[in-house]
Amino acid sequence: MDQYLTAEVKKGATYYAIIAIVLGVLGAILGIAIIAVPPIAFLACLTTPLLCLSAFAFPIGIGWFVAQWSGSSDMGKGAISGALACGLGALIAGVVNWILNICSSVVTFALVTSSLGGDMVGTLITSVAGGLVGWIVGVVLAAVFGAVGGLLYVAIQGSKAKPA
């Protein structure tokens, strides 16, 4: 395991975690703003497709860079490096974003309850359970797409190195 947990993988995991946490904070702020100021709800229509696209492109990019930084020349090492970096980064970011999700759910509940009423316990249970499921799925998908990024780097660099 130590042969794969290199400085490049740790660097990629750190970058992944930092960027994912920043995106999580921005998402929480936007979510609360949409509830607090309903006329800006159209922002969700603009940002949701971008967030969906970034969920695929972001780990592929991190996997690519980790394979590049480590100088991977075989498919297995590129895939494992990318998967480890993105999986570890998603594990760290998932904890922070899960706590952020619970906090933003409480704020959103307070904003909505003032006009509609509701069940705080049900909201928290849903937020906690949904956050845990999302965290697990996010770690697995980040590792898969990180591996794809590492594979792509090795495949493209390998084809460039071969004479035509």
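The values are calculated or read from the model by the stated rules, or taken from the named source; none is laboratory data. Just so we're clear, the structure is a prediction, and the values are computed from it rather than from any experiment. A quick note on method: Cβ atoms are made from the backbone with ideal geometry, for glycine too, and the neighbour counts reach across all protein chains shown.
For this structure, a couple of remarks:
- Among the candidates Ile40, Ile60, Ile35, residue that is surrounded by 14 or more Cβ atoms within 10 Å (Cβ to Cβ), among the β-branched types (Val, Ile, Thr) and over 26 Å from Ala155 (Cβ atoms): Ile35
- Look at (1) within 30 Å of Glu8 (Cα to Cα); (2) surrounded by fewer than 17 Cβ atoms within 10 Å (Cβ to Cβ) and you find that Ile102 fails only one, number (1).
- Residue in the stretch 66-74 that is modelled with pLDDT of 80 or more, surrounded by fewer than 21 Cβ atoms within 10 Å (Cβ to Cβ) and part of a helix (DSSP H, G or I) present: yes
- Evaluating Ile60 against the criteria (1) under 23 Å from Val137 (Cα atoms); (2) of a type in the set (A, V, I, L, M, F, W, C); (3) touching a Ser or Thr at 6+ places or on another chain (Cβ under 6 Å) leaves one unmet condition, (3).
- Verdict on Ala79 being modelled with pLDDT of 85 or more and either over 21 Å from Ala7 (Cβ atoms) or among the hydroxyl-bearing types (Ser, Thr, Tyr) (or both): no
- In the stretch 1-10, the residue that is modelled with the lowest pLDDT out of those that are out of contact with any helix residue (DSSP H, G or I) (no Cβ under 7 Å at 6 or more places or on another chain) and among the charged types (D, E, K, R) is Asp2.
- Residue in the stretch 75-86 that is outside any helix (DSSP H, G or I), in contact (Cβ under 8 Å) with a residue 24 or more places away in the chain, crowded, with 18+ Cβ neighbours inside 10 Å and of a type in the set (S, T, N, Q) present: no
- The residues on offer are Val25, Val37, Val66, and the sole one that is of a type in the set (Val, Ile, Thr), farther than 14 Å from Gly87 by Cα and under 19 Å from the mean Cα position of the chain (by Cα) is Val25.
- Any chance Ser54 is in contact (Cβ under 8 Å) with a residue 24 or more places away in the chain, in a helix (DSSP H, G or I), buried (at least 18 other Cβ atoms within 10 Å of the Cβ) and not β-branched (Val, Ile, Thr): no
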